[in-house]
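Engineer: So that we are looking at the same thing, I have put the structure below in structure tokens.
Nothing in this text is a laboratory measurement; each read-out follows from the coordinates by a stated rule. Owing to the predicted nature of the structure, the values given are computational and were not obtained by experimental measurement. Counting neighbours? That spans all protein chains shown, and the Cβs are built from the backbone with ideal geometry, glycine included.
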Amino acid sequence: MIDNYKFTVTERFLRYVQIDTQSDPQSNSFPSTEKQKVLSNLLVNELKAVGITDAHVDAFGYVFATIPSNSNKKIPTICFCSHVDTAPDCSGTNVKPLLHKHYSGEDIILPDDVTQILSVKNYPYLKEHIGASIITASGNTLLGADDKSGVAIIMDTANYLIQHPEIKHGKIKILFTPDEEVGRGTEKLDLKKLEADYAYTLDGGEAGTLEDETFSADGMIIHIHGVSAHPGYAKDKLVNALKIAGEILAALPKHEFSPETTSHREGFIHPVRMEGIAEKATIEFIVRDFVTANLEMHETRLKNIVSEVLSKYPNVIVDFEVKEQYRNMKEILDQHPQVVAFAEEAYNRAGLNVVNEPIRGGTDGSKLSFMGLPCPNIFTGMQVIHSKLEWIAVKDMEKSVEVLIHLVQVWEEKSNNGYTG
Ligand SMILES: [Zn+2]
């Protein structure tokens, strides 16, 4: 048995990040990589070691566990959720976390790749942690704070609640998902089995941020069917699909409508993948906006750009495929205002001012919300994610645990007042 009682959130985090759990967007299996289960199984063992007896991993790699209610009131069941996988964008093999105690505010040169320099100038949030402890990777890999900080925070909260039965709370579900980073985190999730009324993902950035709004997202694939001919005898016949794909990309707006030229509440389209041969080619786009209705507008605009290019090539056929990816969770959360309101109350009790920022991306929470489990996103402290410069401050993780301890109590207290879900 692991003596799991004594770990701090930081000790948990330092252990979890050393386990390689990178997911793979090219894989068709589920979970996309088997190695994610190594962490999932470890988490189950640790949950069991503190007495959470129903903890288990299902066939798909989801971890489920229950902390029973210790209150007489009828309280909605809330779930804390985070993902075990790390982003495919950056290596997650042999992560060597470095704990920088009493961070001085000077540049941190990562030892395994001295070109990787973390500086206050580029990352001003570092300033708030001068004199305190921060954690970085060593230069060759990401750190994996996204989302092992969330995992560590939930594990530490669970442990704390078990050790402190005087803290009253309703039934709490714990959920760890695989494959969030490849957009498949909820694909095989059995929500009925989870039996939760509301959920919170622990997958956000700076202390105090509370995210209840995400992009709405579609994928759009353009299939270009060129005209093939033997290249030796192709004069006036051949139309090369690859060249048309190039023209389409060149025709995209250069000063707006793209991720590199938009911020805040602006939407965009973004080519993410292209493949093909002379005869046919495909370009995959992602389409993003906070207003779901705008997606169609953006898709029409893209179609018009393509039509303009094609007007010169009457024999070329193009078809479009649009796939819904996820939707802005605010559409659902606005129907259950207590979920965000109670979180705000918990932040305040932990001494934090709430910063509501729309996420220019999606989380498992957006999908969960639309699957029937309203689910805003709580900070963990993670910074510069998906990169070798990823870092996190110890006190932010500790603050997040504090927020969760307050949050379960807010739900218990308010369940007197008619807020029973
Ligand atoms: Zn994440």
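Engineer: Taking each full run of DSSP H in the chain as one helix, which ones are at least 24 Å long along their axis (Cα atoms) and have mean Kyte-Doolittle hydropathy of at least 0.0?
Structural biologist: Helices meeting the span and hydropathy rule in the chain are 145-163.
Engineer: Something else now. Cα atoms only, the range 58-189: Rg and Dmax in Å?
Structural biologist: Cα only, the range 58-189: 18.6, 57 Å (Rg, Dmax).
Engineer: Here is a further query. Using the Karplus curve 6.51 cos²θ - 1.76 cosθ + 1.60 with θ = phi - 60°, what ³J(HN,Hα) values do you get for each residue of the range 170-175, in whole Hz, with x for Gly and Pro?
Structural biologist: Whole-Hz 3J(HN,Hα) from phi for the range 170-175: x, 5, 10, 9, 10, 9.
Engineer: Compactness ratio of the chain: Cα Rg over 2.2 N^0.38 Å, N = residue count?
Structural biologist: Compactness ratio reported: 1.08.
Engineer: Within the range 157-315, how many Lys pairs sit with Cα atoms under 16 Å apart, leaving out pairs fewer than 8 places apart on the same chain?
Structural biologist: Going through the range 157-315 pair by pair, I get 10.
Engineer: Could I have the simple spin-label model distance between ASN28 and GLU195, label points 7 Å from Cα toward Cβ, reported in nm to one decimal?
Structural biologist: It is 3.6 nm.
Engineer: Turning to a different aspect of this structure: Answer with one residue from MET274, GLN22, ALA207: the one whose Cα lies farthest towards the positive end of the charge dipole of the chain, charges on Cβ with Lys, Arg +1 and Asp, Glu -1.
Structural biologist: GLN22
Engineer: Additional query: LYS399: net charge of surrounding residues, Cβ under 13 Å, Lys/Arg +1, Asp/Glu -1, itself excluded?
Structural biologist: That sum, taken over residues with Cβ under 13 Å, equals -4.
Engineer: Under a GNM of the chain (C-alpha, springs under 10 Å), which listed residue has the highest mean-square fluctuation: PHE13, PHE176, PHE257?
Structural biologist: PHE257
Engineer: Right, next: Report the net charge of residues surrounding ALA241, where surrounding means a beta-carbon distance below 13 angstrom and charges are Lys +1, Arg +1, Asp -1, Glu -1.
Structural biologist: Neighbour charge sum, excluding ALA241 itself: -2.
Engineer: Report, by chain and number, residues whose modeled amide H sits under 5 Å from the one on VAL355, excluding near sequence neighbours (fewer than 5 apart, same chain).
Structural biologist: The list, which skips near neighbours in sequence, is THR209, LEU210.
Engineer: Assuming R0 = 45 Å, can you tell me the calculated FRET efficiency for the pair ASP54 and GLU321, based on Cβ-Cβ distance, to the nearest 0.05?
Structural biologist: Result of the calculation: an efficiency of 0.60.
Engineer: Then there's this: Taking 0.36 nm per intervening residue step and subtracting the Cα-Cα distance, what contour gain separates ALA341 from ARG273 on full extension?
Structural biologist: Additional length available on full extension: 20.5 nm.
Engineer: Which of LEU42, LEU143, LEU407 ends up with the largest GNM mean-square fluctuation for the chain, with Cα atoms connected below 10 Å?
Structural biologist: LEU42
Engineer: Just to be sure I understand: with springs between alpha-carbon atoms less than 10 Å apart, which residue in TYR198, TYR62, TYR233 has the highest mean-square fluctuation in the Gaussian network model of the chain?
Structural biologist: It is TYR233.
Engineer: Quick check: pseudo-label points 7 Å beyond the Cα along Cα→Cβ at ARG301 and ASN41, how many nm apart are they?
Structural biologist: Result: 5.0 nm between the two label points.
Engineer: Most exposed first by the Cβ proxy, i.e. fewest other Cβ within 10 Å, how do ARG360, ARG301 rank?
Structural biologist: ARG301, ARG360
Engineer: Cut-off under 18 Å on the C-alpha distance; same-chain residues fewer than 8 positions from LYS121 excluded. Which lysines are left, in chain and number order?
Structural biologist: Candidates past the 8-residue exclusion: LYS388.
Engineer: Roughly speaking, what is the stretch gain from LEU99 to GLU260, that is 0.36 nm per residue apart minus the C-alpha to C-alpha distance, in nm to one decimal?
Structural biologist: Result: 54.7 nm gained on full extension.
Engineer: Multiply the residue separation of SER119 and ALA132 by 0.36 nm, subtract the distance between their alpha-carbon atoms, and state the gained length in nm to one decimal.
Structural biologist: The SER119-ALA132 span can extend by a further 3.1 nm.
Engineer: Can I ask one more? In whole Hz, what ³J(HN,Hα) sequence does the range 75-89 give by Karplus (6.51, -1.76, 1.60; θ = phi - 60°), x for Gly and Pro?
Structural biologist: Once θ is set to phi - 60°, the couplings for the range 75-89 become 10, x, 7, 10, 10, 9, 9, 8, 10, 8, 7, 10, 5, x, 5 Hz.
Engineer: Okay, next question. Order 125-137, 389-401, 336-348 from most to least packed using the mean count of other Cβ atoms within 10 Å.
Structural biologist: 389-401, 336-348, 125-137
Engineer: Give the order of SER307, SER91 when sorted by the count of other beta carbons within 10 angstrom, beginning with the fewest.
Structural biologist: SER307, SER91
Engineer: I need the per residue convex hull volume for the range 26-130, using only the alpha carbons, in cubic angstrom as a whole number.
Structural biologist: It is 211 Å³ per residue.
Engineer: In whole Å, what are the extents of the range 343-421 along the principal axes defined by its C-alpha atoms, from largest to smallest?
Structural biologist: 47, 31, 17
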